[in-house]
Amino acid sequence: MFDSVRTFFAGMWFCLVLIPTMVLGALFYLGILMFILSMLATGYSLPSFGLTYFKIVSIPFLLTNIFFRRCYTMIDKLYPFSIFALCNFFIVALAEKILAYGFDVIEPTRHLLTIIAVIVQVLVCRIIMGFYGSSSTCVGGFATLFC
């Protein structure tokens with residue numbers, strides 16, 4: 001009886017919280033990309049909301065990890081997907097923050113150095129994420145995401 005109640009609440013949590021969070025996260029991700037593209041096109045800095053968006057999206061996944069772990073056992077690909085998606089979101093949000101900081105001053109050399117710093121940051125974070133995903137200690141692993 002208790003097991004079916006837990007499964008019911010985990011399903012409700014998935015339908016009412018996680019699915020809207022994933023949609024909202026995708027919209028926020030596209031918004032951050034638009035901010036980055038507009039900063040690169042105009043050369044002017046915009047307010048950086050990427051890390052705030054990341055916090056908003058990561059809270060439901062944190063609560064799922066703590067209270068509704070059953071969602072991850074019901075849908076076995078959800079856990080590696082959520083880790084992968086949040087890592088990507090954080091990398092892009094951090095890149096937006098660095099770009100906004102570097103474009104505060106209108107100076108071509110600073111813009112160039114900022115763009116180089118963002119490219120290096122994205123590459124280093126992706127390499128670290130790749131090492132984490134390919135490690136044998138990763139529960140679920142990114143390799144199982146597409147199997």
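The values are calculated or read from the model by the stated rules, or taken from the named source; none is laboratory data. Quick caveat, the model's predicted, so the values are computed rather than measured. Please note: Cβ atoms are built from the backbone with ideal geometry, for glycine as well, and neighbour counts cover all protein chains shown. Ligands, DNA and RNA are stripped out before the accessible areas are found, and what is left, the full protein with its side chains, is counted by its heavy atoms. Shrake-Rupley method; radii C 1.70, N 1.55, O 1.52, S 1.80 Å.
So with the 1.4 Å probe, I'd like the accessible area per residue for the chain, rounded to whole Å². Don't skip to the answer; put the middle values down first.
Details: 8970 Å² over 147 residues.
That works out to 61 Å² per residue.
Sort Phe14, Phe89, Phe8 from largest to smallest accessible area, using a 1.4 Å probe on the heavy atoms of the protein chains. Walk me through the numbers on the way to the answer.
Working: Phe14 40, Phe89 10, Phe8 115 Å².
Solvent-accessible surface, decreasing: Phe8, Phe14, Phe89.
Ordering Tyr29, Pro60, Asn88 by the projection of their Cα atoms onto the charge dipole of the chain, which places +1 on the Cβ of Lys and Arg and -1 on the Cβ of Asp and Glu, puts Pro60 at the extreme positive end. Here mean projected area of the Cα convex hull in nm² was computed from the coordinates, and among (i) 8.6; (ii) 9.7; (iii) 12.6 the match is (ii). Highest mean first, the peptides 40-49, 72-81, 96-105 sorted by other C-beta atoms within 10 Å per residue fall in the order 96-105, 72-81, 40-49. Solvent-accessible area of Arg126, all protein chains in place: 90 Å² (probe radius 1.4 Å, heavy atoms, ligands and nucleic acids excluded). Extent of segment 10-79 along its three principal axes (Cα atoms, max minus min coordinate, largest first): 47, 18, 17 Å. Share of carbon and sulfur in the accessible area of segment 1-141 stands at 78%, probe radius 1.4 Å. Database remark: amide H of Ile75 closer than 5 angstrom to no amide H (H placed geometrically; neighbours at sequence offset of 5 or more, or on other chains; Pro and chain starts carry no H).
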